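The values are calculated or read from the model by the stated rules, or taken from the named source; none is laboratory data. Quantities reported herein were computed from a predicted structural model and do not represent experimental measurements. Here the Cβ positions follow ideal geometry from the backbone for every residue, glycine too, while neighbour counts run over all protein chains shown.
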Amino acid sequence: MKHGHRTELLLNFHYMDETEQATYLEQLKHSDPKLHLELLSEQSTAHSELTQILGRHASVHVDDSAIAQTKLGSYRVCERIGRGGMSQVYLAERCDGRFEQSVAIKVFEPHLSNMVGKTMLYWEAQLLAKLNHPNIANVLDANETDSSVFLVIEHVKGQSLTQWLTTSPCNSVKLALFFDITDAIHHAHAQGVFHGDLKPENILVDENGDAKVIDFSIATHDARYADLHIYSADYASPTQKQTGKVDASSDIYALGKIFNKLFPNQQHKSEWQWVYQKCTQPSALQYSRIAELKSDIKALQHNKPISHPDANALYRCGKLLKRRPLASALTVLLMTSGLGFVSALINKNLELQQQQRVSNELLLEMTQLLFHGHHSDATSLKAMLDLTSMRLLSHQDLPIDIKQKLVLAMLMPEQGSAEQEQQDIGTTSE
């Protein structure tokens, strides 16, 4: 049996209900025992295995020799440059004589066109053509042959993401590239388009170092065609593997896996690890929108806090220091100087208050001695100063420098009194 006919039988069988499948199997038991056994096995095969079978039949059916060096519309096919589960991609040159142009032509497997219909493929092509983003390979045109539909796509001269990583780019360059990839998928989601098969092989890095996302899945909006979505097991979410469903969650999961491939040695950093885990968690705990992931990647680029729930004040201060080290250092220096100046003023004020309080206490004692003493004036004054000096020196709360100042201040009246007494004696002698 030809591969194309067998692929059609497998597809038709998959979309029969249980009664129809049982009837069909009973017929095949006698007419085609080999196919009967294959379809029996098919009934118990997981979705991922069915997808692999369809992809294998599709890839075998498209004959390179029948396509190469032929003319498709205004383009002449040169060579095959890629192979997908349900399509082949060829390098082609424009040959209508108007101008020179190299393009990539994606030719869908003929039985895919028969199953989903050429109208559906054109509708999908129209959705992809609406994507206008510098990091997405543009769909330029769509046309058909007698048996299938093909897309004319911008030809990206570059290398796959995996190949690009062998050049050992620095983290800042890789982070900028990943942001562009995330921004491209964000743009696609805004247009209602999901990729469905994000992986390093479907991300090209051109000669200028810019990322280009290629090979978007088709018919992602119709659950009837979920089995047609070919995916890479290493980058597909558990839900996509189980149900074939393609949505924003499946693309976010794949982006998380790509993030981990770009930064395999950064998982010891809590914020980087958190971004990866936030992408690859179950849908309920995952980023709800790709815009949230894009925001966190931008924060990592500029040393700003990410949306981590445990981001405390210390973490935010650390981010500020990394983001603006000079300004932060000057701010800390000014704050330290200001606090030191204020602290000095406060201490000086406290010292003055303490001196004022002690002075008031001493003044009160001196007043009491002066007006309530029982000795002569001179004797009372000297006794008053001596007693006050002793009280002052024994004061436990006063610093030593303040004690010295106050004692010197009290000795001045006593010295003045002695000088006045000598003057009086001299006058009397004359």
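Scoring Ile258 on the criteria (1) at pLDDT 90 or above; (2) among the aliphatic types (A, V, I, L, M); (3) over 13 Å from the mean Cα position of the chain (by Cα) leaves a single failure, condition (3). In the set Glu26, Glu42, Glu20, which member is of a type outside the set (A, V, I, L, M, F, W, C), part of a helix (DSSP H, G or I) and modelled with pLDDT of 75 or more? From the options Glu26, Glu42, Glu20, the qualifying one is Glu26. Quick one: in the range 217-245, of everything that is modelled with pLDDT of 85 or more and crowded, with 24+ Cβ neighbours inside 10 Å, which residue is farthest from the chain's Cα centre (by Cα)? Filtering first and then ranking leaves Gln240.
Residue-wise test of (1) among the basic types (Lys, Arg); (2) touching a strand residue (DSSP E or B) at 6+ places or on another chain (Cβ under 8 Å); (3) touching a residue at least 24 places away in the same chain (Cβ under 8 Å).
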| site | (1), (2), (3) |
| --- | --- |
| Cys95 | no, yes, yes |
| Phe99 | no, no, no |
| Val103 | no, yes, yes |
| Met115 | no, no, yes |
| Ala125 | no, yes, yes |
| Leu128 | no, yes, yes |
| Ala137 | no, yes, yes |
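Scanning the range 131-146 for residues that are more than 27 Å from the chain's Cα centre (by Cα) and either under 15 Å from Phe194 (Cα atoms) or surrounded by 17 or more Cβ atoms within 10 Å (Cβ to Cβ) (or both) yields Val139, Ala142.
In summary, Tyr253 fulfils each of the numbered conditions (1) among the aromatic types (Phe, Trp, Tyr); (2) modelled with pLDDT under 90; (3) more than 17 Å from Leu177 (Cα to Cα) with the single exception of condition (2). Out of the residues in the range 74-87 meeting the condition of being out of contact with any Leu (no Cβ under 7 Å at 6 or more places or on another chain) and modelled with pLDDT of 85 or more, tell me which one is farthest from Ser160 (Cα to Cα). Taking the candidates together, the pick is Ser74.
Quick check, is Asn132 not aromatic (Phe, Trp, Tyr) and not in a helix (DSSP H, G or I)? Let's see the steps before the verdict.
Numbers: not aromatic (Phe, Trp, Tyr): yes; not in a helix (DSSP H, G or I): yes.
Judged against the criteria, Asn132 is a match.
Do you know which residues across the range 109-156 are closer than 22 Å to Ala188 by Cα and among the small types (Gly, Ala, Ser)?
Initially, the range 109-156 is screened for residues closer than 22 Å to Ala188 by Cα, giving 119-142, 150-156.
Residues satisfying the conditions are Ala125, Ala129, Ala137, Ala142.
Could you please give the count of residues in the range 84-107 that are assigned to a strand (DSSP E or B) and surrounded by 14 or more Cβ atoms within 10 Å (Cβ to Cβ)?
Selection size over the range 84-107: 13.
Condition first: small (Gly, Ala, Ser) and either surrounded by 14 or more Cβ atoms within 10 Å (Cβ to Cβ) or modelled with pLDDT of 65 or more (or both). Now tell me which residues in the range 282-317 satisfy that.
As a first pass, look at the range 282-317 and keep what is small (Gly, Ala, Ser): 283-284, 288, 291, 295, 299, 307, 311, 313.
Scanning the range 282-317 gives Ser283, Ala284, Ser288, Ala291, Ser295, Ala299, Ser307, Ala311.
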